[in-house]
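What follows is a short report on a single structure.
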Amino acid sequence: MDRTLKVYTKTDHLFAEFTFLYEHVNQAKVRYIQYRRLYNDDEEDEGKAVFPLMEMESYLDYRQFDSIDQIKVYDKEVVKNHLGRDMTDPSGYNYVYNAAPVLLRYIAANHIGFIGMVNIVFSFIDNNKEVKFLSGTNPRYDTELTSNSLETNISCILRIPVYTQRDITSISIHDLKRLEPWY
């Protein structure tokens, strides 16, 4: 369910960018940046130039969704609740999810040592997610799985089996460090 929503004005200027993050089990938060036009309405602006006006982070009530359409409706409500006071006509804005795949990389390590690395390539709007675990002990323990956009990255990572000295365990969310996304 991790996703990025971009909100554009009627004039195609970027108004806001909302990144929904599910970094812990049953916990959701959103980071958003509100943008402001560089030029006034009476000035020509062919480049659609904007600059960041405000950056915020907020925790949301965790919800499990049944479809992407439910998520879209929910996301519009989140935008309206956080930035509705600055929107002239919320129905006139364009809400866009980028279809380009996003690569998220997690490093799994604890006090004992390096566990491995998890690569997640997903496209929210295309409803696909590929998870690859590269074991820190032996390549034969590498794992791959696929999922859809309704499952969080953390729940996918918790399904990965980790082999340690005859035991099969799972990765703890406290052992994960998420690196910056790559678009």
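Quick notes
- Across the range 111-119, computed HN-Hα scalar couplings (Karplus, 6.51 cos²θ - 1.76 cosθ + 1.60, θ = phi - 60°) run 5, 7, x, 7, 8, x, 10, 10, 10 Hz from first to last residue, x flagging Gly and Pro.
- The mean accessible area for residues of the range 60-156, using a 1.4 Å probe and ignoring ligands and nucleic acids, is 54 Å² per residue.
- Between LYS72 and LEU53, residue separation times 0.36 nm minus the direct Cα-Cα distance comes to 4.4 nm.
- Translational diffusion of the chain, µm² s⁻¹ [Kirkwood Rh, Cα pairs; Stokes-Einstein; 20 °C; 1.002 mPa s]: 118 µm²/s
- The 3J(HN,Hα) values that the Karplus relation (6.51, -1.76, 1.60; θ = phi - 60°) gives for the range 151-164 are, in residue order, 9, 6, 4, 5, 5, 5, 5, 5, 7, 6, x, 10, 9, 9 Hz. Gly and Pro appear as x.
- Residues with amide H under 5 Å from that of THR137, placed H, sequence gap 5 or more: none
- Under 12 Å from the TYR163 label point (7 Å along Cα→beta-carbon), backbone N, the range 128-144: 135-143
- Rolling a 1.4 Å probe over the protein heavy atoms of the range 64-183, with every protein chain left in place, gives an accessible area that is 51 percent carbon and sulfur.
- Separation between Cα centres of the range 43-91 and the range 110-183, rounded to whole Å: 29 Å
- Note, ³J(HN,Hα) from phi for the range 52-57, Karplus 6.51, -1.76, 1.60, rounded to Hz, x at Gly and Pro: x, 9, 8, 10, 9, 9
- Under 5 Å between amide hydrogens, built in the peptide plane, is the criterion, and for ASN128 it picks out SER123, SER149 among residues at least 5 positions away or on other chains.
- For a straight C-alpha distance cut-off of 19 angstrom, the lysines reachable from LYS80 (same-chain residues fewer than eight places away being disregarded) are LYS6, LYS10, LYS29, LYS72.
The values are calculated or read from the model by the stated rules, or taken from the named source; none is laboratory data. These numbers come from a predicted model, not from an experiment. Here Cβ is always computed from backbone atoms with ideal geometry, including for glycine, and neighbour counts include all displayed protein chains. SASA here: full protein model, heavy atoms, side chains in, ligands and nucleic acids out. Shrake-Rupley method; radii C 1.70, N 1.55, O 1.52, S 1.80 Å.
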